[in-house]
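Report on the following structure.
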Amino acid sequence: MRSRQEVFIGREKQEILEKSTVAVVGLGGTGHAAAEYLARAGVSLILADNDVVERCNMGRQSYGADDVGRLKVVVMEERLSPLTSVESHAVMLSDINIDKILSKADIVLDGSDNFGARFLVNDWCVKRGKPFTYTGAIRAEVSFCFWLPGRPCLRCVFSGKTADDSCEKDGILSPVAAFAGTLSAIEALKHLIGEKPVEGLVSFDFFESRFEVLKAKGREGCACSGQGML
């Protein structure tokens, strides 16, 4: 099934992927794309989302008309379980359940749409020393970073963040969210097979045809005790 990928990375690394587990938190525009490509790559999945599919999702997410009103985790588990092992949780992550849900993951991918959820994942991963990705997509813009222990964390980078961007308010170009999720999946796969993931806060603006990698320093007093640069 994954013969073309195996030609590229080799059987040994393909076996590593097939023994790995990635958690995807949020199955909206970015998360559902990340989950789908990780499953197709052979990675086992832990999915967490308590939302149902809405008709407005279909413009930028691969859910169909028959999925409207159904839980996203249920739809994705049905779709991806023929490809890989899928463990799904139709819940909102909280301080109470996060350890139980995410503890088996080798990497956690953020597919959420608000900084409250992102900081929850950030804080748990920092505490557990577990790699995670942050992904944001709005208008024609994508921001992404891959966190590893010893680097500044999301709270260092976005310490002054007080409000969330919103696709409902600001809009988004249809393929942009899927690009962000695909980028997150690629970087997770790279890390799992021993390749170096991107460093820094990566920013794309597709309307301006601009790509940047921004560096960030650790914030004094932050729980991550990040050394060096992100």
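I'd like to know which of G194, M58, A23 lies farthest towards the positive end of the charge dipole of the chain, counting +1 on Cβ of Lys and Arg and -1 on Cβ of Asp and Glu.
About the Cα centre, the residue reaching furthest to the positive side is G194.
Give, in nm to one decimal, the length gained when the segment between K217 and N114 is fully stretched (0.36 nm per residue of separation minus the Cα-Cα distance).
Extending this stretch completely gives an extra 34.8 nm.
Counting only DSSP beta bridges with both residues in segment 3-214, tell me the antiparallel percent, nearest 5.
That works out to approximately 50 percent antiparallel.
Estimate the FRET efficiency between E54 and F207 by the formula 1/(1 + (r/R0)^6), using the beta-carbon distance for r and 22 Å for R0, to the nearest 0.05.
Rounded to the nearest 0.05, the efficiency is 0.25.
By a straight-distance test (C-alpha under 12 Å), which aspartates and glutamates pair with K72 as possible cross-link partners, with residues fewer than eight away in the same chain excluded?
Excluding near neighbours in sequence, the set is D49, D51, E54.
Compute the length gained on full extension between R11 and K100: take 0.36 nm times their separation in residues and subtract their Cα-Cα distance, giving the result in nm to one decimal.
28.9 nm
Over what distance in Å are the Cα centres of segment 81-147 and segment 38-58 separated?
First find each Cα centre; the distance between them is then 12 Å.
Mind listing the long-range amide H neighbours of N50? Cut-off is under 5 Å, sequence gap 5 or more, other chains count too, H placed in the peptide plane at 1.01 Å from N.
HN-HN under 5 Å from N50: V91.
Could you run the Karplus curve 6.51 cos²θ - 1.76 cosθ + 1.60 with θ = phi - 60° over segment 57-67 and give me ³J(HN,Hα) per residue in whole Hz, x for Gly and Pro?
Working through the residues one at a time gives 5, 5, x, 9, 10, 8, 6, x, 4, 6, 8 Hz.
Starting from the Cα-Cα distance between D66 and R40, subtract it from 0.36 nm times their residue separation and give me the gain in nm to one decimal.
Here the segment from D66 to R40 would lengthen by 7.1 nm.
Assuming a ≥ b ≥ c are the square roots of the Cα gyration tensor eigenvalues, decide whether segment 28-117 counts as rounded (a/c under 1.5), prolate (otherwise, with a/b larger than b/c) or oblate.
The shape class here is oblate.
Given a cut-off of under 8 Å on Cα pairs at least six residues apart, what relative contact order in percent is computed for the chain?
Relative contact order of the chain: 20 percent.
Starting at the first residue of segment 35-45, write each ³J(HN,Hα) from the Karplus equation 6.51 cos²θ - 1.76 cosθ + 1.60 with θ = phi - 60°, in whole Hz, x for Gly and Pro.
Taking θ as phi minus 60°, the curve returns 4, 5, 6, 5, 4, 5, 7, x, 7, 6, 10 Hz for segment 35-45.
Every read-out reported here was derived from the displayed coordinates using simple, explicitly stated rules and does not represent laboratory data. Note that the structure is predicted; figures quoted are calculated from it, not measured. Methodologically, a virtual Cβ is constructed for each residue, glycine included, from the backbone with ideal geometry; neighbour enumeration extends over all protein chains shown.
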